[in-house]
Amino acid sequence: MSENKIQKVSSPLIRLPHVRSFGVIGDPGCEGLGTYNMKVYAGALEETAEDDITLIAGDMVPTGTGHYYRMVNDLTEIIAQNAVYVLRGNHDTGAYGDYYGLHNYAIIADGFTVIVLDNAMRTFEEEGLKLLSEVLAMPEVTQAVIAFHIPVPNHFIPNSVSEEEYRRLKAAFEPWKHKVKYLVCGHVHSRFVDEIEGIPLICSGGGGAMIEDVSEEIRACDVDHHVVHFSMDGEELTWRFQDLPDGCYAAERRDGILKEKLEETVKAELMAHLKYLNFADRARRRGMDKIANLFEALADSEYYHARNFYSVLEKPSAFMESVGNFVKGETFEYEQLYRVLGDYAKSNSAPLSEQAYQAAAAAEKVHAKLLSEASDMEKFKEEQVLVCPICGYVMCGEEIPERCPVCGGPARQFKKYEV
């Protein structure tokens, strides 16, 4: 192995006699290399550090230019603690070979073999299928994992290679089918397990890209980001999914100075967001729509900056438990904090601050009520939520009042959020 964590494969046969486990990370970069996605990928790399090697099941980058490969490789070299091998996904185009080498190769480990095949273009390459047959024919190969990016036809999703392509794959492994322990793929931003010709198909794309619905049975809200661990249990190759907590990758939060600076940066970006939004409102009232559009776009940009910095800091609870955890903060604000601050503003002849705290307290009370109802996400039924852009008051239900009950803002200005 090279000293680098990322392995550029130059030989179709790689012998790793001391390797008895490997971790699989699916689809870290196909939706972009933004901070949130890369935080998940960083957490996945930390999780697979317990394995002897790591395999990326495709889509390392959003598109195959050197710029993106260098970005993700630099991050990988810093965080990974074991050797990282990559198989080619449909987003891994262009300069893939310059960074990761061969498209088709086999890792012969202690007790198992991983055969990596390129089907990024929805077809298996002839050289890959030839390699597959040759490796399976080797007497030392007894438990094989065939890894590729795009799933073969299955019972869950139509987003797969064609039946004809699967027949080509099957023809290559059929004489040694008894040696094929698992089929492993990515591409789908979720996870499922199926059985193809009696062989388990393990699909995992939860290493960075946003989780998506697969079917009515496999919904995004029921699946967390995750990795797959494969390891030898005695003489048997076993596997398991391992979920990544939403607060995965905490290394940068533990740096006291950096944590403080990140918090300051989040505040500064949010202040810029509000500053630009306010100026956009002023421009819009004066009929200067082009200027308003510019500042609304700038405000959006500053918000996304703030979100990225905050994502490094955030350590949320599990998703299905998260909503209820927000209730306490909202209750504290309207029952105590804003009442005290409003009283202070009143006693110090600061009527605008007093008014702002009173309006916010009224809204926070509604927030707490709605969050309490939404704590059981499956039972939350509100399909329309209205927000008064004048004072921030929140209203629910199908009937829209003519005026905001707090500040009197007109209904025509309410922002509507509905499904």
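The values are calculated or read from the model by the stated rules, or taken from the named source; none is laboratory data. These figures come from a predicted structure and were not determined experimentally. FYI the Cβ positions are ideal-geometry reconstructions off the backbone, even for glycines, and counts take in every protein chain you see. Just so you know, the surface numbers come from the protein's heavy atoms only, side chains and all, with ligands and any DNA or RNA stripped out. Shrake-Rupley method; radii C 1.70, N 1.55, O 1.52, S 1.80 Å.
Restricting to the stretch 390-414, what's the tally of residues that are within 30 Å of Asp222 (Cα to Cα) and either open to solvent by 70 Å² or more (accessible area, probe 1.4 Å) or modelled with pLDDT of 85 or more (or both)? Even if it seems obvious, please write down each step before you answer.
First, pick out the residues of the stretch 390-414 that are within 30 Å of Asp222 (Cα to Cα): 394-398.
Subset that is either open to solvent by 70 Å² or more (accessible area, probe 1.4 Å) or modelled with pLDDT of 85 or more (or both): 394-396, 398.
Of the residues in the stretch 390-414, 4 are within 30 Å of Asp222 (Cα to Cα) and either open to solvent by 70 Å² or more (accessible area, probe 1.4 Å) or modelled with pLDDT of 85 or more (or both).
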(request) Name every residue in the stretch 124-141 that is part of a loop (DSSP other than H, G, I, E, B) and either surrounded by 15 or more Cβ atoms within 10 Å (Cβ to Cβ) or of a type in the set (Gly, Ala, Ser) (or both), in order of residue number. (result) Phe124, Glu125, Ala137, Met138, Val141
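Would you be able to say whether some residue in the stretch 167-182 is closer than 21 Å to Thr123 by Cβ, among the aliphatic types (A, V, I, L, M) and in a strand (DSSP E or B)? Steps first, answer last, please.
The initial filter retains those residues of the stretch 167-182 that are closer than 21 Å to Thr123 by Cβ, namely 167-174, 180.
From the residues that got through so far, the ones that are among the aliphatic types (A, V, I, L, M) too are 169, 171-172, 180.
With in a strand (DSSP E or B) added as a condition, the list becomes 180.
Yes, because at least one residue in the stretch 167-182 is closer than 21 Å to Thr123 by Cβ, among the aliphatic types (A, V, I, L, M) and in a strand (DSSP E or B).
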(request) Please determine, by comparing only the residues of the stretch 131-175 that are among the polar types (S, T, N, Q) and within 23 Å of Ser204 (Cβ to Cβ), which one is nearest to the chain's Cα centre (by Cα). (result) Asn159
(message) Residue under question is Arg15, and the condition is that it be touching a residue at least 60 places away in the same chain (Cβ under 8 Å), within 17 Å of Val228 (Cβ to Cβ), of a type in the set (D, E, K, R) and surrounded by fewer than 22 Cβ atoms within 10 Å (Cβ to Cβ); does it hold?
(response) no
(request) Only residues in the stretch 401-414 that are among the aromatic types (Phe, Trp, Tyr) count as the first member; pair them with residues that are open to solvent by less than 30 Å² (accessible area, probe 1.4 Å), Cβ under 7 angstrom, at least 6 apart or cross-chain, and list the lot. (result) Phe414/Leu386; Phe414/Cys388
(request) Please give the number of the condition Ile146 fails out of (1) open to solvent by 30 Å² or more (accessible area, probe 1.4 Å); (2) without any contact (Cβ under 8 Å) to a residue 40 or more places away in the chain. (result) (1)
(request) Quick one: Val406 ticks every box in (1) part of a helix (DSSP H, G or I); (2) in contact with a helix residue (DSSP H, G or I) (Cβ under 6 Å, 6 or more places away or on another chain) except a single one, so which number is it? (result) (1)
(request) Residue by residue through the stretch 24-62, note down the ones that are touching a helix residue (DSSP H, G or I) at 6+ places or on another chain (Cβ under 7 Å), among the hydrophobic types (A, V, I, L, M, F, W, C) and either open to solvent by less than 20 Å² (accessible area, probe 1.4 Å) or within 21 Å of Ile150 (Cβ to Cβ) (or both). (result) Ile25, Met38, Ala42, Leu45, Met60, Val61
(message) So the check is Cβ under 6 Å with 6+ separation or different chains; which pairs have a first residue in the stretch 221-238 that's within 17 Å of Glu46 (Cβ to Cβ) and a second one that's part of a loop (DSSP other than H, G, I, E, B)?
(response) His225/Gly206; His225/Leu244; His226/Gly206; His226/Leu244
(request) For the stretch 181-216, name all the residues that are over 19 Å from Ile25 (Cα atoms) and either surrounded by 24 or more Cβ atoms within 10 Å (Cβ to Cβ) or under 20 Å from the mean Cα position of the chain (by Cα) (or both). (result) Ser215
(message) For the stretch 366-389, give me each residue that is surrounded by fewer than 18 Cβ atoms within 10 Å (Cβ to Cβ) and not hydrophobic (A, V, I, L, M, F, W, C).
(response) Lys369, Ser372, Glu373, Ser375, Asp376, Glu378, Lys379, Lys381, Glu382, Glu383, Gln384, Pro389
(message) I'd like to check which helices (runs of 4 or more DSSP H) are fully inside the stretch 302-377 and have at least 3 residues that are touching a residue at least 24 places away in the same chain (Cβ under 8 Å).
(response) 319-325, 327-332, 351-374
(message) Among the listed residues Thr65, Thr76, identify the single one that is farther than 19 Å from Ile202 by Cβ, among the polar types (S, T, N, Q) and surrounded by fewer than 16 Cβ atoms within 10 Å (Cβ to Cβ).
(response) Thr65
(message) Just the residues that are farther than 22 Å from Phe124 by Cβ and open to solvent by 20 Å² or more (accessible area, probe 1.4 Å), please, taken from the stretch 79-94.
(response) Ile79, Gln81
